[in-house]
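**Student:** I have a structure I would like to understand better, so I am pasting it below and will then ask my questions one at a time.
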Amino acid sequence: MRFLACFLFAVTAFSISAQTFAQDKLRVLIIDGQNNHVRWPKTTMMMKSFLEDSGRFTVDIARTQFTWKGGDLLKEFPLEDGKEYQDLPEPKSDPDFKPEFANYDVVLSNFGWKAAPWPQETQDALEEYVAGGGGMVIVHAADNSFGQWEEFNKMIGLGGWDGRNEKSGPYVYYDEDGKIVRDESAGSGGSHGPQHEYQIVIRDPDHPITKGLPRAWMHAKDELYQQLRGPANNMSILATAYADPQMKGTGRHEPMLMTIDYKQGRIFHTPMGDNDGSMECVGFITTLVRGTEWAATGKVTLTDTPEDFPTSTDVKVRKFETAVAN
C-alpha cells in the first residue's frame, strides 16, 4: 500500500508539474495570408518552429483568405518558382478574418504589402488588445501593411510602401556620429537594394533582447530595408545596419531591431526576414525568439547566446528542413 501510495503521489505530482509547465508557456498567434513575398507559407512555419523549439511558447496560426483576384495564390505562384511581387494581383478583403487576439500573450504578423484592409471590427480588436497590454511582433514586410491605418502605424513605429511618405512621419536613422536623426523632409517611405549579407550593429547592448549578444554580427543574405517612415513615438532602436551605396543603399545606418511602447502594450519590430534563407540566420532566430518573449512579458529569460551565433565577420545559419504545411 505504501508503494502504491508513493507511486500515485509521484504520478499526480508529475501530472501537476506537466500541467504547470504547459500553463507557463506563452501563447503566440501568428497571423498571415496576404503577403507580396511568395514564400510566406514557409516562413510562417519556420517562425512557428523556432518559437516552439525554444520550449517557451505554444503557437497557433490564424490565416485570412488568400484567394487573390486571378486564382489561389499558392497554386498560381508556388513556392518553387514564385513570381515577383509586381506581378501579384490585388488581394480581396476577408470579412471573416476575426482572430481572438485576447486569447494570446503575443501576436506575430507575417502579413505584407498589398494585404487588403481588415474588417473594422478586427482593426478595433487589435488596437484594444495591444493598448490593453498585449504584445505584438512585426517581421519584415508586415511593416508594409495597412499604410492608411493610423493606429497600426503608431504600433509599428516605422513602415514602408503602401502610400507612406512624409505625412506618415519622419524618416528615422543613425548618422555617422551615432545620433538618431528624424528627417521630416518630403519623400516616400521604404526602399531596398539587392539582397546581400550585411552587418548588424547593436546600439543598445543593455536591453533584454540584445543583452549578451556580440556588438556586431553578420546577417545572412537579405533585403536591407531603408528610408522607413512613421510616427516613431516611444520607439527604441536596438540595432542598425549600414546601407552601403554600393548596394544601392542610402549610406546611412538603418534601424534593424526596434521596440515600441503603445499605451500598455509592447511591440518588437524587425525589418529582417525577407525569405526562408534569411530566416535561417542564427542571429535572426535568436532575436526573434527573444523579441517575442519580451513583447509578451517585458522580460527575456532565453538569455543564452547560441554557440553557433554569427560573428562580426561570419554568417551562421541553421538549415530548415521541416515540410511546409499549406
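**Student:** Report whether or not Thr270 is at pLDDT 95 or above, within 12 Å of the chain's Cα centre (by Cα) and closer than 22 Å to Gly212 by Cα.
**Tutor:** So Thr270 passes the test.
**Student:** Would you confirm whether or not the range 181-199 contains a residue that is under 20 Å from Ile30 (Cα atoms) and touching a residue at least 60 places away in the same chain (Cβ under 8 Å)?
**Tutor:** No: zero hits.
**Student:** Additional query: Residues Gln199, Gln227: which one is at positive phi and touching a strand residue (DSSP E or B) at 6+ places or on another chain (Cβ under 7 Å)? Full working, then the answer.
**Tutor:** Numbers: Gln199 fails: at positive phi.
Of the residues listed, the single one that is at positive phi and touching a strand residue (DSSP E or B) at 6+ places or on another chain (Cβ under 7 Å) is Gln227.
**Student:** Give the residues of the range 252-284 that are among the aliphatic types (A, V, I, L, M) and crowded, with 24+ Cβ neighbours inside 10 Å, sorted by residue number.
**Tutor:** Answer for the range 252-284, where residues must be among the aliphatic types (A, V, I, L, M) and crowded, with 24+ Cβ neighbours inside 10 Å: Met256, Leu257, Met258, Ile260, Ile267, Met272, Met279.
**Student:** Report, ordered by the first and then the second residue, all pairs with beta carbons closer than 7 Å, sequence separation of six or more or different chains, a first member in the range 121-148 that is over 29 Å from Glu223 (Cα atoms) and in contact (Cβ under 8 Å) with a residue 12 or more places away in the chain, and a second member that is polar (S, T, N, Q) and surrounded by fewer than 20 Cβ atoms within 10 Å (Cβ to Cβ).
**Tutor:** Ala131/Gln264; Gly132/Gln264; Gly133/Gln264
Residues checked against (1) at pLDDT 80 or above; (2) closer than 30 Å to Asp96 by Cβ:
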position	(1), (2)
Thr20	no, no
Ile31	yes, yes
Val38	no, yes
Thr44	yes, yes
Lys48	yes, yes
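**Student:** Checking Leu238 against (1) in contact with a Leu (Cβ under 6 Å, 6 or more places away or on another chain); (2) within 16 Å of Asn110 (Cβ to Cβ): exactly one of these is not met. Which one?
**Tutor:** Every condition holds for Leu238 apart from (2).
**Student:** While we're here: Assess whether Ala115 counts as being more than 20 Å from Lys248 (Cβ to Cβ), assigned to a loop (DSSP other than H, G, I, E, B) and at pLDDT below 95. Even if it seems obvious, please write down each step before you answer.
**Tutor:** Details: more than 20 Å from Lys248 (Cβ to Cβ): yes; assigned to a loop (DSSP other than H, G, I, E, B): yes; at pLDDT below 95: yes.
The answer is yes for Ala115.
**Student:** Still on this model: Suppose we filter Lys167, Lys154, Lys114 for residues that are over 24 Å from Ala241 (Cα atoms) and out of contact with any helix residue (DSSP H, G or I) (no Cβ under 8 Å at 6 or more places or on another chain); which single one remains?
**Tutor:** Result: Lys167 is the single residue among Lys167, Lys154, Lys114 that is over 24 Å from Ala241 (Cα atoms) and out of contact with any helix residue (DSSP H, G or I) (no Cβ under 8 Å at 6 or more places or on another chain).
**Student:** Select, from Ala216, Ala241, the only residue that is crowded, with 16+ Cβ neighbours inside 10 Å and closer than 25 Å to Thr303 by Cβ.
**Tutor:** Among Ala216, Ala241, only Ala241 is crowded, with 16+ Cβ neighbours inside 10 Å and closer than 25 Å to Thr303 by Cβ.
**Student:** For the range 179-200, enumerate the residues that are out of contact with any Gly (no Cβ under 9 Å at 6 or more places or on another chain), over 13 Å from Asp222 (Cα atoms) and among the charged types (D, E, K, R).
**Tutor:** Once the filter is applied, which keeps residues that are out of contact with any Gly (no Cβ under 9 Å at 6 or more places or on another chain), over 13 Å from Asp222 (Cα atoms) and among the charged types (D, E, K, R), the range 179-200 yields Lys179, Asp183.
**Student:** Return yes or no: is Gly82 over 21 Å from Ile285 (Cα atoms), modelled with pLDDT under 85, out of contact with any Pro (no Cβ under 9 Å at 6 or more places or on another chain) and of a type in the set (Gly, Ala, Ser)? Give the derivation first.
**Tutor:** Details: over 21 Å from Ile285 (Cα atoms): yes; modelled with pLDDT under 85: yes; out of contact with any Pro (no Cβ under 9 Å at 6 or more places or on another chain): yes; of a type in the set (Gly, Ala, Ser): yes.
When the stated conditions are applied, Gly82 passes them.
**Student:** Does Pro231 satisfy the condition of being of a type outside the set (Lys, Arg), in contact (Cβ under 8 Å) with a residue 60 or more places away in the chain and either within 27 Å of Val130 (Cβ to Cβ) or not in a loop (DSSP other than H, G, I, E, B) (or both)? If you could, list the steps in order and put the result at the bottom.
**Tutor:** Working: of a type outside the set (Lys, Arg): yes; in contact (Cβ under 8 Å) with a residue 60 or more places away in the chain: yes; either within 27 Å of Val130 (Cβ to Cβ) or not in a loop (DSSP other than H, G, I, E, B) (or both): yes.
Criteria met by Pro231.
**Student:** Looking at the range 299-314, is at least one residue among the hydroxyl-bearing types (Ser, Thr, Tyr), within 21 Å of Gly157 (Cα to Cα) and either assigned to a loop (DSSP other than H, G, I, E, B) or at pLDDT 95 or above (or both)?
**Tutor:** no
The values are calculated or read from the model by the stated rules, or taken from the named source; none is laboratory data. Being a predicted model, the structure only gives us computed values, none of them experimental. Cβ sites come from the backbone with ideal geometry, for glycine too, and all protein chains shown count toward neighbours.
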